[in-house]
Amino acid sequence: MGQSLPKPALRPFLAADTSVVAAIFVAAIQELTGDDYSEAQQEAWASAADDEEQFGKKRAGELTLIATLQNSPVGFASLKGADHIEMLFVHPGAVGQGVGAMLCDALEKLAGARGAKILTVDVSDNAQEFFLKRGYVAMQRNTVTINGEWLANTTMQKTLAEAAPGAPQ
Ligand SMILES: CC(C)(COP(=O)(O)OP(=O)(O)OC[C@H]1O[C@@H](n2cnc3c(N)ncnc32)[C@H](O)[C@@H]1OP(=O)(O)O)[C@@H](O)C(=O)NCCC(=O)NCCS
């Protein structure tokens, strides 16, 4: 009889998660974005976690969820305000198991609960397919500069469904 894969679970971010979240962020950039960004661009992007304490403070200041597999953190996502996905990162060793979808589902529900009608996200080129599959639409192309490197991304948005009155969130 085949063994079923462990199911991901979600919990809120705690300050003690800072190092593991920074490590997931760096590993995801290094191993999952190389088809679309140069090594110099990846290094500049990942440098946002060089100051771990600051990186952790930012996650704590947003609505950040941790995804776990068998109690180990394997991904995280942050909602900034009511209507912007600021971060969505899954460890390369855990991709393709529905972790990203579970995190994104949760942020969409939380954004709706905060009153958002439209959710936006600045999507890196490697993640466009993921968001397209979830019903996000490309709105504009952006170029951002980080540590002297220029990186392109695309602002995408999704219109959130109205929750039925009395329906569970
Ligand atoms: C994008 C990312 C979060 C996806 O995480 P994941 O856990 O692998 O996603 P899931 O397993 O939940 O995939 C959900 C669906 O999207 C698809 N998908 C996921 N990543 C994809 C990709 N890079 N290209 C095409 N399809 C992708 C899956 O095949 C799956 O499709 P299905 O529902 O038809 O089976 C992850 O690859 C990642 O962390 N990437 C690097 C960091 C990054 O760019 N983050 C986004 C910043 S905006």
Hey, among the residues in the range 142-166 that are outside any loop (DSSP other than H, G, I, E, B) and either small (G, A, S) or within 26 Å of K109 (Cα to Cα) (or both), which one's nearest to the ligand (Cβ to nearest atom)? N153
Taking A9 as meeting all but one of (1) within 15 Å of V99 (Cα to Cα); (2) within 13 Å of the ligand (Cβ to nearest atom); (3) open to solvent by less than 80 Å² (accessible area, probe 1.4 Å), write down the number of the exception. (2)
Checked the range 60-80 for anything out of contact with any Lys or Arg (no Cβ under 8 Å at 6 or more places or on another chain) and either farther than 22 Å from G98 by Cα or among the acidic types (D, E) (or both); matches are A60, G61, K80
Identify the residue in the range 41-91 that is polar (S, T, N, Q) and in contact with a helix residue (DSSP H, G or I) (Cβ under 7 Å, 6 or more places away or on another chain) and, among all such residues, is least open to solvent (accessible area, probe 1.4 Å). S78
Selection from the range 92-129 of residues in a helix (DSSP H, G or I), near the ligand (Cβ under 6 Å from one of its atoms) and either more than 18 Å from W45 (Cβ to Cβ) or touching a Gly at 6+ places or on another chain (Cβ under 6 Å) (or both) yields V99, A101, E129
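The values are calculated or read from the model by the stated rules, or taken from the named source; none is laboratory data. Given the structure is predicted, the values throughout are model-derived calculations rather than measurements. Methodologically, a virtual Cβ is constructed for each residue, glycine included, from the backbone with ideal geometry; neighbour enumeration extends over all protein chains shown. Side chains included, ligands, DNA and RNA excluded: accessible areas come from the protein's heavy atoms. Shrake-Rupley method; radii C 1.70, N 1.55, O 1.52, S 1.80 Å.
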